[in-house]
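Trainee: Handing you this structure, nothing more for now.
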Amino acid sequence: MTKADIVTEISKSTGIDKANVLDTIEKFMEVVKDSLSHGENVYLRGFGSFIVKTRSKKTARNISKNTTIIIPEHKIPAFKPAKVFMDEVKGE
């Protein structure tokens with residue numbers, strides 16, 4: 001399902017104009033990105049959490065040049081679904 005599909009589905013079920021739905025979804029994604037970039041997690045009860053994880057430093061190999069490189073510690077965005085969400089997806 002794409003963002004356009006989501007906008008169409010919400011517009012059909014609520015009767016709200018597609019342009020307004022798209023603006024709302026775009027603003028939601030912007031708020032989540034801004035929060036995560038500032039190190040703040042976003043919690044949506046019953047749905048899940050958008051969190052920032054820290055990947056530890058590690059050694060990697062470039063096999064074509066036969067060299068090793070150090071990948072420094074860095075942060076990545078992640079999504080952790082709520083238990084209710086997981087149970088619904090699993091079909092329980």
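All of the numbers you see were taken from the coordinates with simple rules; none came from a lab. Just so we're clear, the structure is a prediction, and the values are computed from it rather than from any experiment. Cβ coordinates were reconstructed from backbone atoms using ideal geometry, including for glycine residues, and neighbour counts include every protein chain displayed.
Trainee: Might you report the magnitude of the Cβ-based charge dipole of the stretch 1-90 about its Cα centre, with Lys and Arg at +1 and Asp and Glu at -1, to the nearest 20 debye? Spell out each step's value before the answer.
Mentor: Values: 16 positive and 11 negative charges, 151 e Å.
That gives the stretch 1-90 a dipole magnitude of about 720 debye.
Trainee: Tally Lys/Arg at +1 and Asp/Glu at -1 over every other residue whose Cβ is under 13 Å from the Cβ of E40; what's the total?
Mentor: On the way: positive: K33, K75; negative: D34.
Within the 13 Å Cβ shell, the charges total +1.
Trainee: So what's the gap between the Cα centers of the stretch 1-20 and the stretch 21-66, to the nearest angstrom?
Mentor: One Cα centre to the other: 24 Å.
Trainee: Could I ask something else about it? Please report the projected area of the chain's Cα convex hull averaged over all directions, in nm².
Mentor: On the way: hull surface 38.4 nm².
Directional mean of the projected Cα hull area for the chain stands at 9.6 nm².
Trainee: A further question on this structure: Which lysines have a Cα less than 27 Å from the Cα of K57, not counting those fewer than 8 places away in the same chain?
Mentor: List returned: K33, K65, K75, K80.
Trainee: Got a sec? Charge dipole of the stretch 14-53, +1 on Cβ for Lys and Arg, -1 for Asp and Glu; which of Y43, I25, T14 is way out at the positive end?
Mentor: Y43
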